[in-house]
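Heads up, the thing below is written out as structure tokens.
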Amino acid sequence: MQFSNNVKVTNFQLKSVEPIYSNQTWTGQRIMRSTGIQYYQIQFTLNFNASHSNEYNAFVAQYAQGKPFTMSLGVAGTYRGTQTGSLTSTAAIAKGNMVIPTNTNAMAIGEWVQFSNHNKIYRIVERTSTSITIFPVLQNQVQASEIIKYNNLMIEAVLDPDNDYSTTIGNLMSVTLKATENIF
């Protein structure tokens, strides 16, 4: 979703939700297990003049009923590492795997990637010169020679059902919305 210059997006927040179960054994060893899929939640504020409320109203009308929208991660989605040029997978990888063989790799642990065929945001947790290991596991199959996006990342999200769409009536209007990454 691209808002015009009449609607300013501010206070953008990104939160990783990683359901983890932790238990300590009788020997003192800590056991940690993932109990669900990792996903992101976002919160952002839309600021606009009353004369431009039609753009906000159109956004709500189109997306408040669960239709996914995409939004730039802004500076968080801008790549600042050392990888240059195209990064592609060298083999088809099935859904549920974590290791992606790559043509070349200068990506760093902690950086984010997305795949051409779906918009899930993945975090690199391990790497070699010819592969990346991602978290969480692949949510969709990756094809051989598929482009791996690492710059100008976008999040695909669905507005949360508990959003309060009320606005104050005045010249300057402000609404804070919450959304959850669209995982399929």
Legend entry - Most to least accessible of His118, His52 (protein chains only, probe 1.4 Å): His52, His118
Legend entry - Which of Ser166, Ser89 is most accessible, then next, and so on - probe 1.4 Å: Ser166, Ser89
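If the limit is 20 Å between Cα atoms, which of Lys15/Lys120; Lys15/Lys95; Lys95/Lys149; Lys120/Lys178 go over it? Can you show the working numbers first?
On the way: Lys15/Lys120 14 Å; Lys15/Lys95 24 Å; Lys95/Lys149 18 Å; Lys120/Lys178 18 Å.
Check vs 20 Å cut-off fails for Lys15/Lys95.
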Legend entry - In degrees, nearest ten, helix 53-63 long axis to first principal axis of the chain (Cα): 40 degrees
Legend entry - Around Thr102: net Lys/Arg minus Asp/Glu count, Cβ-Cβ under 12 Å: 0
Legend entry - the chain - percent relative contact order, Cα under 8 Å, separation 6 or more: 26 percent
Legend entry - In nm, spacing of pseudo-spin labels at Asn140 and Glu18 (7 Å Cα→C-beta vector): 2.4 nm
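Quick check on the chain: helices-only [θ] at 222 nm, where DSSP H runs of length 4 and up contribute -39,500 (n - 2.57) each and the sum goes over total residues. Nearest 500, please.
On the way: 1 runs with 11 residues, N = 184.
Using -39500 (n - 2.57) per qualifying helix, the result is -2000 deg cm²/dmol.
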Inset, instruction - In whole Hz, with x marking every Gly and Pro, tabulate ³J(HN,Hα) for segment 147-160 from phi via Karplus 6.51 cos²θ - 1.76 cosθ + 1.60, θ = phi - 60°. - result: 6, 9, 7, 9, 10, 6, 6, 10, 9, 9, 9, 10, 4, 5
Inset, instruction - Read phi for every residue in segment 95-106 and hand back ³J(HN,Hα) as whole Hz from Karplus 6.51 cos²θ - 1.76 cosθ + 1.60, θ = phi - 60°, with x for Gly and Pro. - result: 3, x, 8, 10, 9, 10, x, 10, 5, 7, 7, 10
Legend entry - Amide proton proximity set for Thr90, modelled H, under 5 Å, gap of 5+: Thr102, Asn103, Ser145
Legend entry - Integer Hz, Karplus 6.51/-1.76/1.60 couplings in order for segment 20-27, x for Gly and Pro: 10, 9, 10, 9, 10, 6, 5, 8
Inset, instruction - Compute the convex hull volume of the Cα atoms of segment 1-116, divide it by the residue count, and report the result per residue in Å³ as a whole number. - result: 197 Å³
Legend entry - Filtered chymotrypsin sites (Phe, Trp or Tyr not before Pro), segment 90-166: DSSP coil and at most 12 other beta carbons within 10 Å: Tyr165
Legend entry - Solvent exposure of segment 7-123 as accessible area per residue, Å², 1.4 Å probe: 55 Å²
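The values are calculated or read from the model by the stated rules, or taken from the named source; none is laboratory data. Keep in mind the model is a prediction, meaning the values are calculated, not measured. Glycine also receives a Cβ, built like all others from the backbone with ideal geometry; neighbour counts cover every protein chain displayed. Areas reflect the complete protein model, heavy atoms only, side chains present, ligands, DNA and RNA absent. Shrake-Rupley method; radii C 1.70, N 1.55, O 1.52, S 1.80 Å.
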